[in-house]
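**Q** For reference, the structure I am asking about is given below.
Computed from the coordinates by the stated procedures, all read-outs in this text should not be read as laboratory data. Bear in mind that the values here come from a model prediction, so they are computed numbers and not experimental data. Ideal geometry is used to build each Cβ from the backbone, glycine not excepted, and the neighbour counts take in all protein chains shown.
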Amino acid sequence: MRGTAQLPASKSESNRALILQALAGGGTLSNLSDANDTQLMQRLLSDPAAAEVDAEDAGTVMRFLTAYLAITNRHALLTGTARMQERPIGILVDALRQLGAEIEYAGQDGYPPLRLRGWHYTETSSEAEEMAELTVRGDISSQYISALLMIGTTLPHGLRLHLTGKVGSRPYIRMTLALMQHFGGNCRDLGTVVEARPGQYQPTDYTIESDWSAASYWYTMVALAPAGSWIQLPGLRRYSWQGDQAIVSIMEKLGVTTEYLTDGVRLMQTAVTEPFTQDFTDCPDLAQTVAVVAAALQVPVLMTGLESLRIKETDRIFALQTELANFGAFLTEESEGHFRVSTDNFHVSGQTVATYHDHRMAMAFAPLALRGPLTIEAPQVVRKSYPQFWAELEKAGFSVE
Ligand SMILES: O=C(O)C1=C[C@@H](OP(=O)(O)O)[C@@H](O)[C@H](O)C1
Ligand SMILES: C=C(OP(=O)(O)O)C(=O)O
């Protein structure tokens with residue numbers, strides 16, 4: 001493998017920028033993602049009269065729009081796929097209700113679909129001179145916190161959140177604060193306390209960075225490709241707001257080194273090193289990539305911080321365990337929350353990989369084709385974050401049927 005692969009733009013940055021642009025009332029966004037999650041967000045924001053809003057399987061769309069539609073006083077049914085209706089949202093709904101939103105559960109308590117019935121400033125919230133203050137659990141999804149922070153700026157006195165529990169996906173909260181600031185918001189990260197000061201966002205231009213989570217699959221390919229392979233990925237930045245840039249240091253330990261270029265990075269293969277322990281609390285979306293590449297390289301990585309994986313697009317722990325087993329690889333819970341990747345005669349020989357409606361299952365396993373033929377079921381799942389994935393693989397020399 002030698003060449004350049006095109007990445008999608010970051011869907012996390014794109015979906016925040018779209019909400020902030022809507023709250024600011026303008027600003028030009030360049031290099032918006034072609035991911036379905038982002039195209040969907042854009043479509044839903046551009047139809048302010050819709051009575052039913054379908055967030056499909058996009059977590060950021062569901063969570064960010066719950067807060068955005070509430071604060072903009074929309075009356076609508078906010079729904080999603082069957083899986084989305086199993087992904088919890090009670091923490092966000094409770095917080096928004098305390099702030100003045102009228103939200104009812106149209107199905108099961110604590111889960112979408114939601115019936116939004118507008119925003120009612122309570123007397124205390126409009127008269128008090130102090131910031132609204134809430135305590136929010138941080139150990140289920142950071143998307144609730146990002147959703148609240150973005151609208152917090154537009155509250156009469158702003159919003160202070162006290163985060164409890166083991167806060168996961170922290171870099172995504174920092175990305176939210178960075179983008180809020182970029183759009184003229186005044187906010188602070190004080191660790192277990194995060195604040196959005198009251199103010200007005202300003203229409204601001206922003207160019208979205210390429211997606212580091214999508215880049216992770218190219219790291220796997222370079223790791224598994226013949227010696228001397230390299231790949232260039234344009235649009236990635238050395239100083240990134242994306243926590244999944246952590247793939248750089250993780251893959252140093254799995255035989256791929258990163259060189260920063262004027263535009264993007266070049267990945268080069270090096271020697272594989274020792275077994276190691278990796279905590280995914282800050283970067284859960286990298287877990288599948290690393291589990292698969294560690295299995296293929298037969299490096300016994302100990303993975304921790306995987307708590308949120310069970311409530312993503314699918315139960316990713318179960319999906320990984322089931323599919324890895326077909327290759328002679330195992331993800332075993334050694335002690336609570338500590339999962340060891342191990343292998344017993346790892347082989348790729350025409351297996352079929354089920355994808356469980358999860359784009360990351362397809363993209364994490366596809367690079368195994370460098371070791372032998374395989375079939376990926378429902379390959380269109382990649383459209384959630386990387387619609388061009390299969391086309392880019394073909395350009396890189398894979399034979400895709
Ligand atoms: O805020 C975001 O853009 C995201 C936050 C993470 O979710 P959690 O906060 O639920 O872990 C991540 O897994 C998801 O893909 C995108
Ligand atoms: C978990 C993911 O997305 P979301 O939660 O936004 O659906 C993901 O892209 O891996």
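**Q** Give me the aspartates and glutamates in straight-line cross-link reach of residue 312: C-alpha distance below 18 Å, same-chain residues under 8 apart excluded.
**A** Those aspartates and glutamates meeting the cut-off are 37, 54, 56, 57, 86, 139, 244, 279, 282, 285, 323, 358.
**Q** Points 7 angstrom from Cα along the Cβ direction at residue 270 and residue 394: gap in nanometres?
**A** Calculated label separation equals 3.6 nm.
**Q** Hey, another quick one. Please say if segment 212-395 is rounded, prolate or oblate, where rounded means a/c under 1.5 for a ≥ b ≥ c the square roots of the C-alpha gyration tensor eigenvalues, and otherwise the choice is prolate for a/b larger than b/c and oblate otherwise? Let's see the in-between values first.
**A** Working: a/c = 1.28, a/b = 1.20, b/c = 1.07.
Rounded is the answer for segment 212-395, as its axis ratio a/c remains below 1.5.
**Q** Using a ≥ b ≥ c from the Cα gyration tensor of segment 10-207 (square roots of the eigenvalues), is it rounded, prolate or oblate, where a/c under 1.5 gives rounded and otherwise the larger of a/b and b/c decides, a/b for prolate?
**A** Cα axes put segment 10-207 in the rounded bin.
**Q** Pull out a ≥ b ≥ c, the square roots of the eigenvalues of the alpha-carbon gyration tensor of segment 336-392, then state rounded if a/c is under 1.5, prolate if not and a/b is larger than b/c, and oblate in the remaining case.
**A** Numbers: a/c = 2.23, a/b = 1.30, b/c = 1.72.
Oblate shape, in that a/c is at least 1.5 and b/c is the bigger or equal ratio.
**Q** If you don't mind, there's one more thing I want to ask. Loop by DSSP (not H, G, I, E, B), at most 15 other beta-carbon atoms within 10 Å: where is the longest site-free stretch of the chain for chymotrypsin sites (Phe, Trp or Tyr not before Pro)? Write out the running numbers ahead of the final one.
**A** Values: sites that count: 121, 239, 276, 398.
Free of exposed loop sites, the longest segment is 277-397.
**Q** Kirkwood Rh, the chain, all Cα pairs: how many Å?
**A** Working: mean 1/r = 0.0460 Å⁻¹.
Result for the chain stands at 21.7 Å.
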